[in-house]
Amino acid sequence: MKLRYYITVRLLLAIPTIALLLTAIFFLMHVLPGDPIRIMYGEKFPTFYVEQIRHSLGLDRPLYEQYFTYLSNLAQGNLGVSLVFKIPVIEKVAQVYPTTLELAITGLILASLLGLPLGIIAAMRRDGVFDHVTRILSLYIHSNPGFWIALLFQIFFGLILGIFPISGRTPPGFELQKITGLNILDSILTLNPTAFIQSIKYLFLPCLTIALTSIPTLSRLSRASMLNVLGEDYMVTAKAKGLPDNVITYKHALRNALLPIVTSIGGTFTWLLGGTVITEKIFSLPGLGSLLMDSLMARDFLMIQGIVAIYAVIVVVMNTLIDIIYATIDPRVKY
Amino acid sequence: MEPLIIAKNLTKLYDLRSSFLESLFSKKERYLKAVDDIDFHIMPGETFGLVGESGCGKTTTGRLVINTIRPTSGQIFFEGTDLSTIRERESLKALSLKMQMIFQDPYEYLSPWLKIKDTLAEPLRIHKSVDENQIETKVREVMETVGLTPVDMILPKYEYQLSGGQRQRVMIARALMLNPKFIVADEPVSMLDVSIRVGVLNLLRELKKKFNLTSLFITHDIAVSRYMCDRVAVMYLGKIVEMGPTDDIISDPKHPYTQALMAAVPVPDPSIRNELVPIKGRIPSSASNLPPGCRFSPRCPYGESCKEEEPELVEIGKDRYVMCYRALKK
Amino acid sequence: MSLLEVRNLKTYFFTPFGTVKAVDDVSFDVEKGQALGLAGESGCGKTTIAYSIMRLIPFTGKIVGGEIYLNGRDLVKLNEKELKLIRWKELSIVFQGAMASFNPIFKIGDQISEAIRYHENVTKEDVMKRTNDLLELVGIEHERANNYPWELSGGMRQRSMIAMALACNPTLLVADEPTTALDVIVSAQIMDLIKNLREKLDLTMLLITHDISVIAQTCDEMAVMYAGKLVEKTSVPEIFKNAYHPYTKALIKAFPNLKGPKQDLEGIPGNPLDLMNPPPGCRFAQRCPYVKETCLENDPVLTEVESDHFVACHFWKKILAER
Amino acid sequence: MSVQKIGFNFRELFRVAPRSSKVMVVVGGIFSVTLLIFVVLGPYIAPRDPYQFSENLLQPPSMNNYMGTDNLGRDLFSRLIVGSRYSLGISMIAVGLSLIIGLFLGSMSGFFGGNIDRILMLVMDSLYVFPDFIYMLVMVVVLGPGIWQTALAISVGRIPYNFRLIRSLTISVKERGFIEAERVLGADNWYIIRTHIMPYYMSILFVTVSLGMASGTLAISGLGFLGLGIPPPTPEWGTELAGGRSFLLGGSWWLVIFPGLFVLIAMLGFNLLSEGLDTVLNPSVRRLA
């Protein structure tokens, strides 16, 4: 009961954040210099038509009016109609967002699976060889931009070894019943092993790229967190109590160290989501990032607004989820 | 003679609603009554003690008197002026020339960026009360007074290069720099090592005599208050429960809490057995949910029925006040 | 043979700024059933002694010499595996800050029973029962076993810490400043508790504190440390009556009293010693009223000046004559 | 056992720092300083004119062209050296801008608290949970191409981070006792901020600038790679890399590898420097346990 109350409060608190981001994006698109229609159709396009289009989109009305229309439309889930695709923005976004979500989530899982143990082991063998090697290695990996890693992967795995596909999300003629839109999940749900293997194969390089850009951050955070816990007085108590080493490490240290790590996963997810744009573009994945890039190039401003709104929803939901998870595992959080 | 300080119905509440979130969603107002409607006065040249455990509001009272925090209600008069009426920056600054404070933790209250020379010169520079070329002379003079010697060795050091006792002497010197009339000393020795405590206490006693200082001395140790104070007030959960001349209170404590505080002082003599502390339980977790009636009743060893109405602080003898029905009856 | 024999213990810390000789050649014994109070100021090495006995010195420090015999076995020579069997079963400790000494995410009861579970082969019910009994023993309702440490007040937490320390009936209990950071009344209650438990359980205890009046009330023997060295050791009544060392004498007189006539106190001049580069000779020399040239050159040795009264001072005879 | 404090003397801090951190500071410092020299003196160091076409199209690295030539016959090495002006220069502007704004807002918010703080926190937290690269992209498109526009977009991405850092630092200093002591002395807010809080910012300044340079460089090269950076023919590392990509299948690997290596070395330099400095300047980190 109390937890439900806490979740409700957290979700309510997410609303101002989303509203703020949407407002920011609205004003960014409308206040800054540059007429989107003019940019879209080019200088030579007759002014008469531009005015007509502006009128039909309501762009000639006062800004506050446009803002309130935008908000009330949003509340009904209406993000407008894409200027390029001529279909509702929400429809187009709904088609592509699973790609991004799948990439981001698998990337996060892979990064956590690799990054957290690295950091924790490094902390436990502090100042040892393992610690130094991981520290240098993660600094090095951290210094490689995502697009550079992606390119190297394409050259090495795709062009030289030829073992992984370097573009697209699925091979031609790929068939899969759509349930969630997440290919890996759908292929498991429909018990389709060929589709499962294909999905993983196509996802592997982008996912690894995304993961590699986040592993250094995660391993560093978990190392710091673990070191912090190892320095706490209660660790001395645990040792003084003569408990077995694995109890000291896993029960007393690790569980405490994981708490701040859970919080930091939100930040990692945000960072990782930013990285999906370039990764999608390089691997030609039909996700939000590719769509955003195309819309930016075409100055399809309603589409851009819509995509940013979806990104905002994704990160806010993710962060809220993490808050809730944290509250359930840390007895100190009072809700 | 007019009192230098008068505190009248002094009250300070703290809003306990921790966050913006809570203040939005929780209608319930939760307050901590740090200081709850207290009255006292301090005569010129007097050392007035405030004694109590942590959380009793003694430190808050000190900060209210020195005017770094503002009371929720009630007033403090300094030389007859109500401090809450002083609003302009210049008058407030002028006020700090007259009242200064010595803090508990000498490890926290000195700026790590400044050399001792500059730390000590800072009050003079802020107030421009002494010519720039006179500053060093003044600094040296005060350092000699508080026993920060050898002066030349200490001047160019940073705070972290000094020992705890030296730091506390720097704090004292800094407070003296502006020749204040009134000093609040907030547990000045509780963070210091045993071997240097007495030195600092003795220094404060000497200074009091030398400069005819009036001071408010805050401590948790009633034995220290005996050594230092002329009059003392014992505080419990934001209230003064007993007040009077120190010697009278020590020789004949009326309030059961005062008796408990005295019994709790360990005696450095194995031949005298410490009496058992005649008190049970502990201070309620927060002063926000006070018990009905006398706030001490849940812990009172006499278990009398004071649970309906809270007693008032009543004068029971010459300059002696007690907040207890039982003491009144006798 | 005494229960605990500390022989020429030297524990040093190696920092980037130099070596800190926190404990420098200290020897003392604790007899079975006795309580030894170890007094000294912060930084004098008394806590380091506790940690050395528990073999819990952090990695920047090291026991560089000496032996610590518990029941005739040298703890310094034991490896981690052997230590695990001894810790808590034979040797337990009450730490200074009970707030930080409990793991915040486990319940008090779990943390106490954990100590029993890993050291003794007992059933779940027995562990439960013993945990509850322990809590009741230290004056806490056993329902509190289900509380988290941060839900308890400072005094209750320190009581639980004591309950935990007693969980396996240790041969020796080390109490490291058990009452600092507590309020006056609470700390008096905790000292009462310790005194009662000693009588009830016949505990052997090493009590470490900066407050000699606590030792006066709870211990049989007292040792005084100054700057990493032991300066005086004898029985409690003896030391309060006939202290030799100038430092001990000053310490005893350093507290304002509540009973008896109001008297002016005399402080100890000077400041505590920096243990990084201690000067040669007696470490108290700079602050000592009896100081002579020899004090600045020769380190005084701990000598038995009367039966069971040890003092490290060149001028103990002079002090004796002055009495 | 108390650890002796040593205050904030850099030389002393450096002396007692662990060797690995010293190595990091020195190596990172050398990298960073070399690159900064390129930024300032780029055109004088570059062996050839970076904009000069030649007959030698797509030549592999040789003694004439250390890093080969591009499809228009321009000397890649010279282009990359001069390109550091754009890749790092913009990053420097962005770091400066975001630091000034973050410092101003963060210290206000932290020092005064209250409603200003609540509103700023809400805004900054909202921005913080949103991927900064995405609003950089949108801003770059809306503002149009150009050095200042790009720098502005990137600095906006960095502001929430700096704001939070400065705010929490200000709050932790504000709560320190010696600030209260200043109030008792009668010092005003501005005096306290100037003399007693500002020095604290200095202790994180170097690490923040260094980290900011790394993330700025990453952002610019990313924008450039997506074709939203400084438009050609201006030689910017990311743009060069993206341009070289189309010749990769033809075997002109150097057009991809060398721009990438420049980005990598810059990032490595700044990251090493910040990581090393962080340990040197905050000795508590390694005194844990």
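Here are a few things to note about the model shown:
- Residues in the range C:198-215 that are assigned to a helix (DSSP H, G or I) and surrounded by fewer than 20 Cβ atoms within 10 Å (Cβ to Cβ): C:199, C:200, C:201.
- Selection count where residues are surrounded by fewer than 21 Cβ atoms within 10 Å (Cβ to Cβ) and touching a residue at least 12 places away in the same chain (Cβ under 8 Å), scope the range D:179-191: 2
- Residue within the range D:265-278 that is over 27 Å from residue D:80 (Cβ atoms) and assigned to a helix (DSSP H, G or I) present: yes
- Checklist (1) under 25 Å from the mean Cα position of the chain (by Cα); (2) surrounded by fewer than 21 Cβ atoms within 10 Å (Cβ to Cβ) applied to residue A:160, failing item: (1)
- Residue B:163 satisfies every condition listed in (1) more than 10 Å from chain D (Cβ to nearest Cβ); (2) under 18 Å from residue B:224 (Cβ atoms) except (2).
- Within the range D:225-264, restricting attention to residues that are of a type in the set (S, T, N, Q) and in a loop (DSSP other than H, G, I, E, B), the residue that is nearest to residue D:84 (Cα to Cα) is D:234.
- Among residues of the range C:89-116, those that are more than 9 Å from chain A (Cβ to nearest Cβ), surrounded by 19 or more Cβ atoms within 10 Å (Cβ to Cβ) and either without any contact (Cβ under 8 Å) to a residue 24 or more places away in the chain or not hydrophobic (A, V, I, L, M, F, W, C) (or both), counted: 3
- Enumeration of residues in the range B:306-330 that are within 14 Å of residue B:296 (Cβ to Cβ) and either in contact with a Leu (Cβ under 7 Å, 6 or more places away or on another chain) or of a type in the set (Val, Ile, Thr) (or both): B:322, B:323
- Meets criteria (farther than 13 Å from residue D:216 by Cβ, surrounded by 21 or more Cβ atoms within 10 Å (Cβ to Cβ) and out of contact with any strand residue (DSSP E or B) (no Cβ under 6 Å at 6 or more places or on another chain)) for residue D:95: no
- Search result, residues across the range A:79-102 that are assigned to a loop (DSSP other than H, G, I, E, B) and exposed (fewer than 15 other Cβ atoms within 10 Å of the Cβ): A:86, A:87
- Residue within the range B:65-78 that is assigned to a helix (DSSP H, G or I) and buried (at least 16 other Cβ atoms within 10 Å of the Cβ) present: yes
- Some residue of the range D:200-213 being within 14 Å of chain B (Cβ to nearest Cβ) and at positive phi: no
- Take the conditions (1) more than 10 Å from chain A (Cβ to nearest Cβ); (2) out of contact with any Gly (no Cβ under 9 Å at 6 or more places or on another chain); residue C:146 misses just one of them, which is (2).
- Residue, farthest from the other protein chains (Cβ to nearest Cβ), within the range B:86-113, restricted to residues that are under 13 Å from residue D:179 (Cα atoms) and free of Cβ contacts under 8 Å to residues at least 60 places away in the same chain: B:112
- Evaluating residue C:257 against the criteria (1) within 8 Å of chain B (Cβ to nearest Cβ); (2) surrounded by 21 or more Cβ atoms within 10 Å (Cβ to Cβ) leaves one unmet condition, (2).
- When residue B:54 is tested against (1) closer than 16 Å to residue B:219 by Cα; (2) surrounded by 20 or more Cβ atoms within 10 Å (Cβ to Cβ); (3) not aromatic (Phe, Trp, Tyr), just one condition goes unmet, and that condition is (2).
- Pairs, first within 9 Å of another protein chain (Cβ to nearest Cβ) in the range A:120-136, second outside any helix (DSSP H, G or I) and not β-branched (Val, Ile, Thr), C-beta under 8 Å, six or more apart: A:126/D:289; A:127/D:18
- Residue selected from the range A:194-218 under the condition away from every other protein chain (no Cβ under 13 Å) and of a type in the set (Gly, Ala, Ser), by the criterion farthest from residue A:98 (Cα to Cα): A:211
- Going through (1) over 29 Å from residue B:195 (Cα atoms); (2) within 13 Å of chain A (Cβ to nearest Cβ); (3) part of a helix (DSSP H, G or I) one by one, residue C:52 falls short only on (1).
- From the list D:87, D:126, the lone residue that is in contact with a Leu (Cβ under 6 Å, 6 or more places away or on another chain), in a helix (DSSP H, G or I), within 13 Å of chain A (Cβ to nearest Cβ) and crowded, with 19+ Cβ neighbours inside 10 Å is D:126.
- Being in contact with an Asp or Glu (Cβ under 7 Å, 6 or more places away or on another chain), buried (at least 22 other Cβ atoms within 10 Å of the Cβ) and more than 14 Å from chain A (Cβ to nearest Cβ) holds for only one residue in C:39, C:35, and it is C:35.
Residue-by-condition table, conditions (1) at pLDDT below 90; (2) surrounded by fewer than 24 Cβ atoms within 10 Å (Cβ to Cβ); (3) within 11 Å of chain D (Cβ to nearest Cβ); (4) assigned to a helix (DSSP H, G or I):
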| position | (1), (2), (3), (4) |
| --- | --- |
| A:248 | no, yes, no, yes |
| A:274 | no, no, yes, yes |
| A:278 | no, no, yes, yes |
| A:304 | yes, no, yes, yes |
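- Scan of the range B:36-63 for residues that are among the hydrophobic types (A, V, I, L, M, F, W, C), in a strand (DSSP E or B) and more than 17 Å from residue B:77 (Cα to Cα), ordered by number: B:50, B:51
- Tallying residues that are of a type in the set (Val, Ile, Thr) and part of a loop (DSSP other than H, G, I, E, B) within the range D:172-189 yields 0.
- No other residue among A:118, A:114 is at pLDDT 90 or above, crowded, with 18+ Cβ neighbours inside 10 Å and under 29 Å from residue A:226 (Cβ atoms) apart from A:118.
- For the criterion of being within 30 Å of residue D:142 (Cα to Cα), among the hydroxyl-bearing types (Ser, Thr, Tyr), touching a residue at least 60 places away in the same chain (Cβ under 8 Å) and surrounded by fewer than 21 Cβ atoms within 10 Å (Cβ to Cβ), residue D:234 passes.
- Of everything in the range A:171-189 that is assigned to a loop (DSSP other than H, G, I, E, B) and in contact (Cβ under 8 Å) with a residue 60 or more places away in the chain, the residue that is surrounded by the fewest Cβ atoms within 10 Å (Cβ to Cβ) is A:180.
- All helices (runs of 4 or more DSSP H) inside the range B:127-233 with 2 or more residues being of a type in the set (A, V, I, L, M, F, W, C) and touching a residue at least 40 places away in the same chain (Cβ under 8 Å): B:164-176, B:194-211, B:222-228
The values are calculated or read from the model by the stated rules, or taken from the named source; none is laboratory data. Being a predicted model, the structure only gives us computed values, none of them experimental. So basically every Cβ, Gly included, is an ideal-geometry build from the backbone, and we count neighbours across all protein chains shown.
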